[in-house]
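The values are calculated or read from the model by the stated rules, or taken from the named source; none is laboratory data. Quick caveat, the model's predicted, so the values are computed rather than measured. Note: ideal-geometry Cβ built from the backbone for every residue, glycine included; neighbour counts use all protein chains shown. Each accessible area value is taken on the protein alone, full model and side chains, heavy atoms only, with ligands, DNA and RNA left out. Shrake-Rupley method; radii C 1.70, N 1.55, O 1.52, S 1.80 Å.
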Amino acid sequence: MLSIQGLGLHHSGNYLFQNVNFTIKKDDKVGLVGKNGAGKSTLLKMLSKEINFYEGSVVPEGNITIGFLKQDLDFVKGRTVWNETMQAFEQINAWKNELEEVNHQLATRTDYESDAYTDLINKMTELNDLLMNHDAYNLEGDMEKILFGLGFKADDFHKITDEFSGGWRMRIELAKLLLQKNDIMLLDEPTNHLDMESIIWLENFLKDYPGAIVLVSHDKQFMTAVCNRTFDINNKKVDDYKANYSKYLVMREERREKLIQAKKNQDAEIKQMEDNINKFRASATKASFAQSLIKKLDKIERIEVDNEDVSKFNIRFVQSMVPGKVIFEAQNLGKAYGKKQIFSDVDFIVQRGDRIALLGQNGQGKTTLAKILAGDIKDYSGSWNLGHNVNIGYFAQNQEEVLTPNKTVLEEAEDAATEETRPRVRDLLGSFLFQGDAVTKKTKVLSGGERNRLALCKLLLRPFNTLIMDEPTNHLDIQSKEIIKLALQNFEGTLIVISHDREFLDGLCDKIYEFREGKMKEFLGSVGEYLEYRQKETLREISAEKAKLHSEDVKVEVKPVPKEVKVEDKSSIIVSKEQKNIQNKIKKVEEKISELETKIEEMEATFTNENPSDETLEKYNKTKEELDVALQEWEYLGSQLA
């Protein structure tokens, strides 16, 4: 589908890639991995032809389409979410507009016997065939499915996109890309700005995507679930592993062990050559031999082995004084911005040693609560109390606000240090991958991942007994996330963390506070158990949103007119065609209901002979939920024919 041959890219003589070769086939789901700066995003831009100044070639096989999720948005002001999402269907929209104009002319002109009128009828038939062949009259269902899956509500569809934050606007852009069904889809950090529920929905959507995918993500579980192939970008090359992320880790370690042995052999060979050069250089009879060894030594391509063992960093937070038993206690806590109530009537007690994850959709108040507890927001309703001897370390989501632009990395870290921790500053910076000249960089030129690493390093230089962390893993590569998780696991104090990364939270938190519909409640269970519960609830909520959407605003479009019917009857034709379309949908739903009922009966029959496993019970319950959704859809469609 896409063949890459001899790919190379260099700047000022330094290569980012050199002589890279691979082929992407139809069913490939490729995950790009590598440290920040290795070139993952750059490779996506090269495949999309956004970057075209490179060596080698990117050759598509046939007339394939490539879609690329860009980070820069170009929305037309004033469009609703629904209308902006419709822009995904550029060609279909053009055909629909043309058909609308043709239908208008057929309705207003009276020269029924003219050649021009016959041409209009033929054009209408041609456009109808094109729209039917491209399934243009079932697009609304696809749009609803994807928008609901990405976290939008029925009420959001008619809101202007200008009202939404950048993160939600990026979800609209992602929805448009998913709807286009390109042959190859290029995704650069698609889970950024998504909450955990939407990430899981996207994960399931991409697993079933019929085309090829090339994906950059720092979410290990997401990569493992979606990808069946992994490209490791390192040392100017791309190592191709025919495996998902989890299997890739095992295979890479095996390859790394072989590389370490090869490096030992090479080092021994180089040392022997250097010894011979030093031995024979001064000898008149051996000088030419020494020169040939020097040339041979220069041509050797040195084997490099990355050190990826995070356990060696052994990073630990400085422990502060022991606080009282109660860290935070809140009663009827609430916060509103103008007329918009974010949350209300929130009660909780955080005790010493608690490790709490704040979960829920974006915009529900997680960051707001973190800022209240950190003392950054003082305007709220209700009350909360800070416990005795509580010393809070706060990691803010927006690091631009907590770093001084003109200070160097070293100066920023030294200013945060105490007398006791000042001698550890350079060692800690090295543990957070600030080594050599990197410590002299001004903070204003740091990337998002570098800013996060520096802010986290600063937290380790002061004593705290309570940490509030708001999205600490944003922009971090996988190795950096592992370093932070290890440090937090070793932290002996109280932890409150906001994150949408399932793997990061797993084993880190033992309590969950869920934010939803302006309320907060404690969930008793692990992150995995919470996600199982939330997936079932989300299925029911989406079903309710669909029912709400169709009961309030049924979208009716001009439907194709059969060739054999006379033009003067076209008003009745549109109605009958609409009804026929609904009848076809009812037939499909009835077939699905019958299929689901059969599955349920078969499973129930096996239950009488043997006790079902947990996996079988989960499948049984999921099938019943699918049946409930199908019955609601059947009931709604039937009401449209009444």
- [ ] Please verify whether the stretch 345-359 includes one or more residues that are over 24 Å from residue 460 (Cα atoms), in the same structural domain as residue 475 (by the TED database), open to solvent by less than 80 Å² (accessible area, probe 1.4 Å) and small (Gly, Ala, Ser).
- [x] no
The residue that is farthest from residue 446 (Cα to Cα), considering only those in the stretch 408-434 that are among the hydroxyl-bearing types (Ser, Thr, Tyr) and surrounded by 15 or more Cβ atoms within 10 Å (Cβ to Cβ), is 421
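Quick one: which of 110, 80 is among the polar types (S, T, N, Q), in contact with a His (Cβ under 7 Å, 6 or more places away or on another chain) and farther than 30 Å from residue 15 by Cβ?
Values: 110 fails: in contact with a His (Cβ under 7 Å, 6 or more places away or on another chain).
Among 110, 80, only 80 is among the polar types (S, T, N, Q), in contact with a His (Cβ under 7 Å, 6 or more places away or on another chain) and farther than 30 Å from residue 15 by Cβ.
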| message | Tell me yes or no: at least one residue of the stretch 248-261 is open to solvent by less than 60 Å² (accessible area, probe 1.4 Å), farther than 27 Å from residue 499 by Cα and without any contact (Cβ under 8 Å) to a residue 40 or more places away in the chain. | response | yes
The condition of being modelled with pLDDT of 80 or more, surrounded by 13 or more Cβ atoms within 10 Å (Cβ to Cβ), of a type in the set (Lys, Arg) and assigned to a helix (DSSP H, G or I) holds, among 577, 599, only for 599
Can you find even one residue in the stretch 221-233 that is at pLDDT below 90 and of a type in the set (D, E, K, R)?
no
Residue count, the stretch 472-488, condition open to solvent by 20 Å² or more (accessible area, probe 1.4 Å) and either closer than 26 Å to residue 346 by Cβ or modelled with pLDDT of 90 or more (or both), comes to 1
I'd like to check something: does the stretch 168-184 contain any residue that is assigned to a strand (DSSP E or B), over 13 Å from residue 150 (Cα atoms) and within 14 Å of the chain's Cα centre (by Cα)?
no
Checked pairs for the stretch 106-121, first of a type in the set (D, E, K, R), second surrounded by 12 or more Cβ atoms within 10 Å (Cβ to Cβ), C-beta under 8 Å and 6 or more apart or across chains, list as 109/117; 109/120; 111/117
Log entry, pairs with first residue in the stretch 58-71 being at positive phi and open to solvent by 60 Å² or more (accessible area, probe 1.4 Å), second being at pLDDT below 85 and not in a strand (DSSP E or B), beta carbons closer than 9 Å, six or more apart or on different chains, reads 62/1
Residue hits (the stretch 201-215; within 12 Å of the chain's Cα centre (by Cα) and surrounded by 22 or more Cβ atoms within 10 Å (Cβ to Cβ)) are 202, 215
If we keep only residues of the stretch 337-357 that are among the small types (Gly, Ala, Ser) and closer than 27 Å to residue 492 by Cβ, then the residue farthest from the chain's Cα centre (by Cα) is 353
message: If I filter the stretch 72-79 for residues that are modelled with pLDDT under 90, over 26 Å from residue 585 (Cβ atoms) and buried (at least 20 other Cβ atoms within 10 Å of the Cβ), do I get at least one hit?
response: no
Flagged pairs (Cβ under 9 angstrom, 6 or more apart or on separate chains; first in the stretch 438-451, assigned by the TED database to the domain that holds residue 484 and in a loop (DSSP other than H, G, I, E, B); second open to solvent by less than 70 Å² (accessible area, probe 1.4 Å) and among the aromatic types (Phe, Trp, Tyr)) are 441/434
Pairing a residue in the stretch 73-85 that is closer than 12 Å to residue 158 by Cβ and in contact (Cβ under 8 Å) with a residue 12 or more places away in the chain with any residue that is hydrophobic (A, V, I, L, M, F, W, C) and assigned to a loop (DSSP other than H, G, I, E, B), where Cβ atoms lie under 9 Å and the two sit 6 or more apart in sequence or on different chains, gives 81/152; 81/164; 84/75; 84/76
Only one of 150, 99 is open to solvent by less than 50 Å² (accessible area, probe 1.4 Å), among the aliphatic types (A, V, I, L, M) and under 25 Å from the mean Cα position of the chain (by Cα), namely 150
Taking the stretch 507-540 and keeping only residues that are loosely packed, with under 14 Cβ neighbours inside 10 Å, part of a loop (DSSP other than H, G, I, E, B) and at pLDDT 85 or above, one is left with 507, 517
Restricted to the stretch 153-189 and to residues being farther than 17 Å from residue 88 by Cα and in contact with a Leu (Cβ under 7 Å, 6 or more places away or on another chain), the residue most open to solvent (accessible area, probe 1.4 Å) is 188
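So which residues in the stretch 102-118 are among the β-branched types (Val, Ile, Thr) and open to solvent by less than 90 Å² (accessible area, probe 1.4 Å), if there are any at all?
Within the stretch 102-118, 102, 108, 118 qualify.
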Being out of contact with any strand residue (DSSP E or B) (no Cβ under 6 Å at 6 or more places or on another chain), closer than 30 Å to residue 331 by Cα and either part of a loop (DSSP other than H, G, I, E, B) or open to solvent by less than 20 Å² (accessible area, probe 1.4 Å) (or both): is that true of residue 389 here?
yes
